[in-house]
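Take a look at the structure below.
The values are calculated or read from the model by the stated rules, or taken from the named source; none is laboratory data. Note that the coordinates shown come from a computational prediction; the quantities given were computed from them, not determined experimentally. Glycine also receives a Cβ, built like all others from the backbone with ideal geometry; neighbour counts cover every protein chain displayed.
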Amino acid sequence: MAWVSLILAGFCEAFGVVTINKLNNNPNWQSLLLLIFGFGASFLFLAYAMETLPMGTAYAIWTGIGTAGGALLGIIIYGESKDWKRIACIALILSAAIGLKLIG
């Protein structure tokens, strides 16, 4: 269950990053609430996962999912660059997170 919680934490982190852009583009209280919800849920899921998983592994995977997810959502939602080098770097981040899971 800790790994599921950690993955959910990463997804909530990516959601939080997207809502930062949403809040910057359209500042309103709904966007602010979504931002607080996204990062709040992310920290709660991360805290739960870290009760079982080693801190270093949990934090690295959480940031990897959040970083890669934020970049992918930027491409999908906001039309950011789809350059192959950028996609390759996102793949490296995800590969490193999977590698930590396999050896951790």
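Tally up the residues in segment 3-14 that are out of contact with any Phe, Trp or Tyr (no Cβ under 7 Å at 6 or more places or on another chain) and in contact (Cβ under 8 Å) with a residue 40 or more places away in the chain, please.
Applying the first criterion (out of contact with any Phe, Trp or Tyr (no Cβ under 7 Å at 6 or more places or on another chain)) to segment 3-14 yields 3-4, 7, 11, 14.
Checking the rest, the ones that are also in contact (Cβ under 8 Å) with a residue 40 or more places away in the chain come to 3, 7, 11, 14.
Count: 4.
Taking the condition touching a residue at least 12 places away in the same chain (Cβ under 8 Å), in contact with a Leu (Cβ under 7 Å, 6 or more places away or on another chain), more than 17 Å from MET1 (Cα to Cα) and not in a loop (DSSP other than H, G, I, E, B), does ALA96 pass?
Details: touching a residue at least 12 places away in the same chain (Cβ under 8 Å): yes; in contact with a Leu (Cβ under 7 Å, 6 or more places away or on another chain): no; more than 17 Å from MET1 (Cα to Cα): yes; not in a loop (DSSP other than H, G, I, E, B): yes.
In short, no.
Within segment 43-59, can you find the residues that are of a type outside the set (Val, Ile, Thr), surrounded by 14 or more Cβ atoms within 10 Å (Cβ to Cβ) and over 13 Å from GLU13 (Cα atoms)? First the steps, then the outcome.
Keep residues of segment 43-59 that are of a type outside the set (Val, Ile, Thr), which gives 43-51, 53-56, 58-59.
Then keep just the ones that are surrounded by 14 or more Cβ atoms within 10 Å (Cβ to Cβ); that gives 43-46, 48-50, 53, 58-59.
Within segment 43-59, TYR48, ALA49, MET50, LEU53, ALA58 qualify.
For segment 74-93, which residues satisfy the criterion of being touching a residue at least 40 places away in the same chain (Cβ under 8 Å) and surrounded by fewer than 17 Cβ atoms within 10 Å (Cβ to Cβ)? Show your work before the answer.
Of all residues in segment 74-93, those touching a residue at least 40 places away in the same chain (Cβ under 8 Å) come to 74, 77-78.
Result: ILE77, TYR78.
Just checking: which of the helices (runs of 4 or more DSSP H) contained wholly in segment 1-82 hold 2 or more residues that are under 12 Å from the mean Cα position of the chain (by Cα) and at pLDDT 95 or above?
On the way: elements: 2-25, 29-49, 55-78.
Output list reads 2-25, 29-49.
For residues in segment 1-15 being within 11 Å of SER42 (Cβ to Cβ) and aromatic (Phe, Trp, Tyr), which is surrounded by the most Cβ atoms within 10 Å (Cβ to Cβ)?
Only one residue tops the list, namely PHE15.
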